[in-house]
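Computed from the coordinates by the stated procedures, all read-outs in this text should not be read as laboratory data. Small disclaimer: the values here were computed from a predicted structure and weren't measured. Cβ: placed from backbone, ideal geometry, glycine included. Neighbour counts: every protein chain shown.
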Amino acid sequence: MRGDIFYAIADPTRRAILDRLRDGEQPVKQLAEPFAMSLPAISQHLQILCEAGLVTQRREGRQRIYKLNPEPLQQVKNWVSHYEQFWQAKLDNLGEYLEESCSEL
């Protein structure tokens, strides 16, 4: 499963890390601040994100700085877009039903 984009984003902590990285590069200590978990646990999450290609890292002195790489998310977008037509059709049907129901009142 490692390296799989869907596995990487399945975890809410990893999604929250990605959200934090949208604001720019951050060291692991800064990324870990809002989470009630150890630095090694955050590092494990970051490793999974790195293996999926969603995050890159570089060394700056003794720190590792992490950066978002959003390109692999295109795979998720492409997959989800197949279901967009399905949901749009369902919403259209619901809208028609509600219009008919309201006009009968």
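In table form, for the structure just shown:
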read-out	value
Fluctuation leader among ALA36, ALA89, ALA52 - the chain, Gaussian network, Cα springs under 10 angstrom	ALA89
Lys, Arg +1 and Asp, Glu -1 on Cβ, resulting dipole of the range 32-105 about Cα centre, debye, nearest 20	1020
Of ALA36, GLN75, LEU91, farthest towards positive along the dipole that unit charges on Lys, Arg, Asp, Glu beta carbons give the chain	ALA36
Cβ-derived FRET efficiency at R0 22 Å, ARG58 paired with ASP19, nearest 0.05	0.60
Partners for LYS90 among lysines (Cα-Cα distance below 30 Å; same-chain residues under 8 apart left out)	LYS77
